[in-house]
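Inspection log for the structure reproduced underneath, given as structure tokens.
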Amino acid sequence: MPLFLFKRRTDPAAAAAPLTAEQAMCIKLPTEAERTRLRVAYQERKGWRPRPDRPAVPFTLPFDWTADPFADANWRFQLHAWRPLDVYIGLHCRGGDAAAYRFLIDAMLDWGRAESRGRRKTAFWGDMAAGIRAAKLAYVLSQPEFGQESRLRQAAVIRLARRHLARLRDPDFIARSNHALAQIHGAAALCHVAPHWPEAEGGKAYVSDLLSRLLLSQFGRRGVHLEHSPGYHFFALREFRRMAETGWFDNADLDRTIRAAARAAPWFVFPDETSSAAGDSSPIRRPVPAPVVKDPVVGRLFREAGYGVVRAAWGRPANKSPMLLVTCGHHSNVHKHADDLSFELFDWGRRLFVDTGKYSYSASPMRDFSVSARAHNTIDLALGRDDNGLALTPPAGGGLTGMKRTRWGWVISGRIERPAIGVAHQRRFLYRPGQWLILLDRVTADEPRDLTAWLHLHPSVHAEETPDGWRWKKLTIRHVADHPLALRRIRGQQEPLQGWMAADYHKAVENDALAADWRGQGGRLATIIGLGRGHAPPEVRLTEDDFEVVWRGASLSIPRE
């Protein structure tokens, strides 16, 4: 008889308290039993549908666990994370439904049989999915009903759970990304419910050490997530909070990181409560507690992470609350887009200049476009190479070199170097919130090349060309350069893809992409964005080696770095 069965039957104190659905890493479950029952009935009648952009698929046993009907990496991940079982765990947890519990075990063992027969083991053993499955196995093992199952079914579940814990105890299997969050949680859950297993020996110290190392790699000293995507800041904060609430982790670093990440979170939410779409993020609603500040306009430089934010104080109406978010960080290739020195600008109650955002994780032309330089408000430094040389460049950390408040507004500076493709780009943002934004770009290259400065507008904004730029209502965009420019406006173009914004997963909408093209061995370019409200933006002139910015008859003092 397996050791776990022996202890559960002879020593009640050896059994852990039953896990909850939340501890089993289930998501988006109703809190009421009856609503959960309706969710189960709907799934059984219509099929399983992890995202609204995909049709439902019948989930009946035996199930084809090798299925990939949409060639969709995220769909496959959710299947092997046993997301179809979430509603059954919810129904059992909320209402004690015995049939739901039996179905959970049936489905888990069905997966186990498919995995034992499968030739492509990697399809079954994704790192993050394995952690989530482990938590669900821990849920089943921790329930009083488990002892009422037949010896054969108990033994089969235990074998499957021990295999999962053995994989999660292998340091080479632990991801070096946010995926490790699920792996640590799943390992801790199994160690918690079965501490006497050989695979669980030293488990508490093991998961605590993994957690400490993950916290150091995932967050900077000021509590900002380092995977180049504000969306993952919120994801990691949610998961770390869930881990802390289990009581399984005695780790002071976890508590400190949660507090710091919670303090940083409001800086990545625009005044209309939608979050930044930088990196692999989506502009979704994320209400967060509003910090109390004294100044009407505040700024924060997260130098290590690579973000700079200037915004109106929280608590004001969205249509009177401008905000600028700049991104320039390179810590790894995880969720990293070619978006260095790009920005998002919020004014007039909307995001005027947008980030294309996350379209999907599945390989596709739209995915390739969304991570490319031409999908962001930056300069395409190497036409024909979409990543601006990112893949050839070692991570250098945060690329923003400074933020300064002046008597007339704010200056944010940043610089990237791409020696592998022989080019460097420096950009300074001059921002007077609610009135104007000026981009001062300097590109240096080792040989003449084609360059394009891109601007991406919100889908509701339709630009009209002017002799030196663009306009829309009271919004004006002008260019001043030391080289001739060719201006283009593109919207909803299919070949090559341009003029698209990801509104949701696998959902793209047309928007204006504005291009300023030139050819040269680098060059200087000033982009003057006027935001109306009766305030004329400054004039920009080219000096021998820099820019002169004249506002209200006087030259502005601008830091070089």
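Ordering S281, A260, F235 by the projection of their Cα atoms onto the charge dipole of region 211-310, which places +1 on the Cβ of Lys and Arg and -1 on the Cβ of Asp and Glu, puts A260 at the extreme positive end. Here D64 and R221 are evaluated by their C-beta separation; at R0 = 51 Å the FRET efficiency comes out at 0.60. With no solvent and one equal point scatterer placed on each C-alpha of the chain, evaluate the Debye formula and give log10 I(q)/I(0) for q = 0.07, 0.13 Å⁻¹, two decimals. With one equal scatterer per Cα and no solvent, log10 I(q)/I(0) is -0.47, -1.26.
Below 8 Å between Cα atoms, with a sequence gap of 6+, how large is the relative contact order for the chain in percent?
Details: 1128 pairs, mean separation 50.4, N = 561.
Once normalised by length, the contact order is 9 percent.
Give, in nm to one decimal, the length gained when the segment between D272 and K507 is fully stretched (0.36 nm per residue of separation minus the Cα-Cα distance). Walk me through the intermediate numbers first.
On the way: separation 235, 0.36 × 235 = 84.60 nm, distance 2.12 nm.
Length gained, D272 through K507: 82.5 nm.
Magnitude of the charge dipole for region 291-555, about its Cα centre and with charges confined to Cβ atoms of Lys, Arg (+1) and Asp, Glu (-1), is about 1240 debye. If you plug the beta carbon distance of L152 and E447 into 1/(1 + (r/R0)^6) with R0 = 60 Å, you get a FRET efficiency near 0.25. How large is log10 of I(q)/I(0) for region 133-211 at q = 0.11, 0.24 Å⁻¹ when the intensity is taken from the Debye formula with one equal scatterer per alpha-carbon? The Cα Debye sum returns log10 ratios of -0.27, -1.10.
Rounded if a/c is under 1.5, else prolate if a/b beats b/c, else oblate: with a ≥ b ≥ c from the C-alpha gyration tensor eigenvalues square-rooted, which is region 3-207? Can you show the working numbers first?
Details: a/c = 1.62, a/b = 1.20, b/c = 1.35.
Here region 3-207 falls in the oblate category.
Mean separation of Cα pairs under 8 Å and 6 or more residues apart, divided by the residue count, gives region 377-483 a relative contact order of 22 percent.
State the percent of C-alpha pairs, over all pairs in region 322-373, separated by a distance greater than 15 angstrom. Taking all Cα-Cα pairs of region 322-373, the fraction more than 15 Å apart is 52 percent. Pairs over the 23 Å Cα-Cα cut-off, from the set K336/K474; K28/K358; K294/K474: K336/K474; K294/K474. Mean separation of Cα pairs under 8 Å and 6 or more residues apart, divided by the residue count, gives region 237-366 a relative contact order of 20 percent. Distance between the 7 Å Cα→Cβ label points at T246 and I284: 2.2 nm. Distance between the modelled labels on E544 and W314, one decimal in nanometres: 5.0 nm (7 Å Cα→Cβ projection). Magnitude of the charge dipole for region 219-341, about its Cα centre and with charges confined to Cβ atoms of Lys, Arg (+1) and Asp, Glu (-1), is about 440 debye. The order of R533, R303, going from fewest to most other C-beta atoms within 10 Å of their C-beta, is R533, R303.
The equivalent ellipsoid of region 291-555 has semi-axes of 26, 22, 20 Å, largest first, where each one is the square root of 5 times an eigenvalue of the Cα gyration tensor.
Gyration tensor over the Cα atoms of region 134-288: the corresponding equivalent ellipsoid has semi-axes (square roots of 5 times the eigenvalues, largest first) of 33, 17, 13 Å.
Suppose every Lys and Arg Cβ carries +1 and every Asp and Glu Cβ carries -1, with no other charges. What dipole size does the chain come out with about its Cα centre, to the nearest 20 debye? If you can, show how the numbers build up before the last one.
Details: 80 positive and 62 negative charges, 269 e Å.
Dipole magnitude for the chain comes out near 1300 debye.
Working note: Karplus 6.51/-1.76/1.60 with θ = phi - 60° gives region 502-508 the couplings 7, 7, 6, 5, 6, 10, 10 Hz, where Gly and Pro are set to x. Farthest toward the positive end of the dipole of region 8-129, out of W82, T122, Y101, is the Cα of T122, where the dipole comes from beta carbon charges about the Cα centre. Each label was represented as a point 7 Å from its Cα along the Cα-to-Cβ direction; for A166 and L383 these points are 5.7 nm apart. Maximal additional length on extending the K204-R407 stretch stands at 67.7 nm, based on 0.36 nm per residue less the C-alpha distance.
We did not get these values from a lab; they are worked out from the coordinates using the rules stated. Being a predicted model, the structure only gives us computed values, none of them experimental. Don't worry about glycine lacking a Cβ; one is built from the backbone with ideal geometry, like all the others, and counts go over all protein chains shown.
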